[in-house]
Amino acid sequence: MTNHFRLSIALLALLSVLAFLPGLASVPPIDRDEPRYVQATKQMVESGNFVDIRLQDEPRYKKPIGIYWLQALAVEATGADGSLWAYRLPSLVGAVLAVLGTVVAARTFLGRPAALAAGFLTLSIVVLSVESHLGKTDAALLGCVVWAQAALARIWMARPRPSLLGWPFLFWVAVAAGVLVKGPIVLMVSGLTIAWLTLSDRANWRWLGRIRWLPGLLLLLALVLPWFVAIHLATDGAFFQEAVMKDFLGKAGSGQEGHWAPPFTHLVLSVAVAWPVMPLTVAGAGAIWAARATPAIRFLMAWAVPSWIVFEIVSTKLPHYTLPLLPALSIAVAAIYLEESRPLEWRWLRWLGAFELASVAVLLFPATIALPLVLGDQVSIVAVVLVAIAAVLAVQAARRVAADQDRVRAVLAVAGAGVILNATAWGLVIPNLKSVWLAPRIADATAEVAGCPDPRLVSVGYREMSLVFLAGTDTLLASPEMAADAMKSEPCAVLAVVAREKDVTLSAMAAKGVALQEVGQEEGVNIANGKRLDVTLYRRATP
């Protein structure tokens with residue numbers, strides 16, 4: 001039986017890789033966050049400076065070094081410096097580790113089938129599929145958080161005291177890795193879990209000693225302190241001023257970069273962001289509440305509830321913020337739907353969850369057809385067929401949930417639907433939305449029309465970092481006056497200017513005595529803000 005379970009875990013890992021791979025290489029960099037991370041890593045590899053973090057000529061002191069080291073390691077190991085997929089590998093690995101960590105955490109409380117189902121549910125979550133395809137922090141962070149929580153679950157349930165080199169060691173290593181990837185988030189999730197468990201059962205406070213605080217904290221400091229000291233010395237304290245005072249505390253106190261939203265925003269968005277796990281949680285909320293005294297639900301509530309409250313209170317809100325909490329919902333769903341015999345109470349919630357399960361999948365079917373047509377791109381017939389299959393599976397699952405019948409089939413069907421929808425979106429739909437991939441077309445056109453080797457791109461009006469990653473680190477995102485100076489001094493350069501900046505840019509060129517020759521035109525949608533752009537390409541006119 002043990003060998004069968006290990007084989008099942010291996011197959012789940014393989015399925016995870018296959019589910020996350022579509023689109024990893026075919027989808028261009030997605031503005032705005034991802035290109036900032038991958039470009040900073042690219043410069044780190046180019047410069048050989050693996051302590052300081054730079055984005056062109058500016059410091060990038062928003063997140064710790066962990067993700068940049070992981071991306072640089074992936075690039076160096078694969079030898080694929082110019083290939084975006086190499087920078088995305090740490091996210092794929094983090095997502096797979098999160099799926100497997102969910103199984104390990106679930107196995108603390110549940111039988112093998114339910115634990116595997118919990119991992120399958122995590123694999124199907126929409127936002128995890130998104131983050132597994134982006135070269136930034138969140139999928140890697142999730143891998144760290146889930147393994148820290150899995151180790152913490154084993155420590156909490158341990159009888160007798162676990163060996164220092166067992167689960168406590170894994171817990172502290174996972175926490176250290178999470179701190180290096182994204183600062184205090186892992187500390188918050190695990191810390192609030194510990195506090196909730198301790199305060200909710202004062203008679204059991206002695207379990208805290210099993211965490212091995214003194215050696216654990218020493219290990220944590222040994223793993224994270226060297227780089228924090230190095231960056232403090234290298235930047236004369238500027239990193240902490242930017243990362244802590246402006247980025248972290250700024251997000252808590254005000255909505256940064258236009259991302260303010262009121263409380264309960266995450267709860268509302270989770271219907272789609274955390275599909276299909278959140279609708280299943282809604283449908284089973286009555287049974288989950290009835291089972292709140294069981295060890296599994298106690299731990300999972302400690303994992304999800306207090307941190308979710310914090311995320312709802314924090315002013316800045318982005319859809320992926322609650323990702324570290326979603327595996328807890330996967331495990332709770334597996335526990336209630338697969339192992340608990342109690343009915344799914346509160347009929348109105350059961351029907352609400354069933355409606356959410358069906359509606360999200362069904363709405364994606366016309367969207368698969370309408371979105372390419374609206375953007376002027378080609379509809380993928382294969383994608384339409386696959387989305388239709390997924391929608392049928394989701395509707396069947398919703399009917400079973402609404403009737404509180406055949407829960408196992410309902411969970412497996414809708415999780416399978418989630419995997420199909422995610423893989424189809426990234427493998428067939430998103431890469432074919434050619435109109436939103438403006439930066440790759442400008443970068444390719446620059447090389448084709450320059451008329452000289454290794455041209456420098458000067459862009460006016462289109463200031464996305466994806467253009468820098470694709471066209472080269474020396475790409476200049478310029479004002480019209482800066483562009484005129486650059487085009488006058490650069491022997492090999494191409495100017496890309498959006499329509500709204502065209503007249504003033506050409507006037508600046510004329511004032512500097514720069515004669516231009518129009519060599520191309522590109523049209524498309526800026527994926528970062530949804531605005532349609534007309535971009536004209538110029539090179540210096542030959543005498």
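Which of the helices (runs of 4 or more DSSP H) contained wholly in region 260-329 include at least 1 residues that are over 22 Å from the mean Cα position of the chain (by Cα)?
277-283, 285-290, 295-313
One line per residue, one yes/no per condition, for (1) open to solvent by less than 30 Å² (accessible area, probe 1.4 Å); (2) of a type outside the set (Lys, Arg):
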residue: 263; (1), (2): no, yes
residue: 266; (1), (2): yes, yes
residue: 274; (1), (2): yes, yes
residue: 280; (1), (2): yes, yes
residue: 298; (1), (2): no, no
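Identify the single condition in (1) over 21 Å from residue 324 (Cα atoms); (2) open to solvent by less than 10 Å² (accessible area, probe 1.4 Å) that residue 133 does not satisfy, given that it satisfies every other one.
Failing condition for residue 133: (1).
What are the pairs with Cβ atoms under 9 angstrom where one residue, in region 161-181, is closer than 17 Å to residue 243 by Cα and the other, located anywhere, is open to solvent by less than 30 Å² (accessible area, probe 1.4 Å) and of a type in the set (Lys, Arg)? Sequence gap at least six, or different chains.
181/63
Could you list, in sequence order, the residues of region 63-77 that are open to solvent by 60 Å² or more (accessible area, probe 1.4 Å) and farther than 27 Å from residue 456 by Cβ?
Selection gives 69, 70, 73, 77.
Those residues that are open to solvent by less than 10 Å² (accessible area, probe 1.4 Å) and among the β-branched types (Val, Ile, Thr), I need them from region 34-48; list them, please.
38, 41 - these are the residues of region 34-48 that are open to solvent by less than 10 Å² (accessible area, probe 1.4 Å) and among the β-branched types (Val, Ile, Thr).
Checking the conditions here, which among 518, 522, 481 is among the charged types (D, E, K, R), open to solvent by 60 Å² or more (accessible area, probe 1.4 Å) and assigned to a strand (DSSP E or B)?
518
Given 395, 379, 387, which one is among the aliphatic types (A, V, I, L, M), at pLDDT 95 or above and over 26 Å from residue 21 (Cα atoms)?
Going through 395, 379, 387 in turn, just one is among the aliphatic types (A, V, I, L, M), at pLDDT 95 or above and over 26 Å from residue 21 (Cα atoms): 395.
Quick one: residue 363 ticks every box in (1) surrounded by fewer than 16 Cβ atoms within 10 Å (Cβ to Cβ); (2) more than 30 Å from residue 104 (Cα to Cα); (3) over 27 Å from the mean Cα position of the chain (by Cα) except a single one, so which number is it?
The one condition residue 363 does not meet is (3).
Given the criterion within 30 Å of residue 56 (Cβ to Cβ) and either open to solvent by less than 30 Å² (accessible area, probe 1.4 Å) or modelled with pLDDT of 95 or more (or both), identify the matching residue among 411, 449. First the steps, then the outcome.
Numbers: 411 fails: within 30 Å of residue 56 (Cβ to Cβ).
Exactly one of 411, 449 is within 30 Å of residue 56 (Cβ to Cβ) and either open to solvent by less than 30 Å² (accessible area, probe 1.4 Å) or modelled with pLDDT of 95 or more (or both), namely 449.
Can you report the number of residues in region 54-112 which are assigned to a loop (DSSP other than H, G, I, E, B) and within 29 Å of residue 238 (Cβ to Cβ)?
Restricting attention to region 54-112, the residues satisfying the condition of being assigned to a loop (DSSP other than H, G, I, E, B) are 56-57, 60-65, 79-83, 108-111.
Still in the running and within 29 Å of residue 238 (Cβ to Cβ): 56-57, 60-65, 81.
Of the residues in region 54-112, 9 are assigned to a loop (DSSP other than H, G, I, E, B) and within 29 Å of residue 238 (Cβ to Cβ).
Quick one: residue 338 ticks every box in (1) touching a Gly at 6+ places or on another chain (Cβ under 9 Å); (2) more than 15 Å from residue 277 (Cβ to Cβ); (3) surrounded by fewer than 24 Cβ atoms within 10 Å (Cβ to Cβ) bar one, so which box is it?
So residue 338 meets the others, but not (2).
Which of the residues spanning region 152-208 are β-branched (Val, Ile, Thr) and either open to solvent by less than 20 Å² (accessible area, probe 1.4 Å) or modelled with pLDDT of 95 or more (or both)?
155, 173, 175, 179, 181, 185, 186, 189, 193, 194
The values are calculated or read from the model by the stated rules, or taken from the named source; none is laboratory data. In this text the structure is predicted, and so the values were computed from the model without any measurement. Backbone-built Cβ (ideal geometry, glycine too); neighbour counts: all protein chains shown. When the accessible area is computed, the model is the full protein with side chains, heavy atoms only, and any ligands, DNA or RNA have been set aside. Shrake-Rupley method; radii C 1.70, N 1.55, O 1.52, S 1.80 Å.
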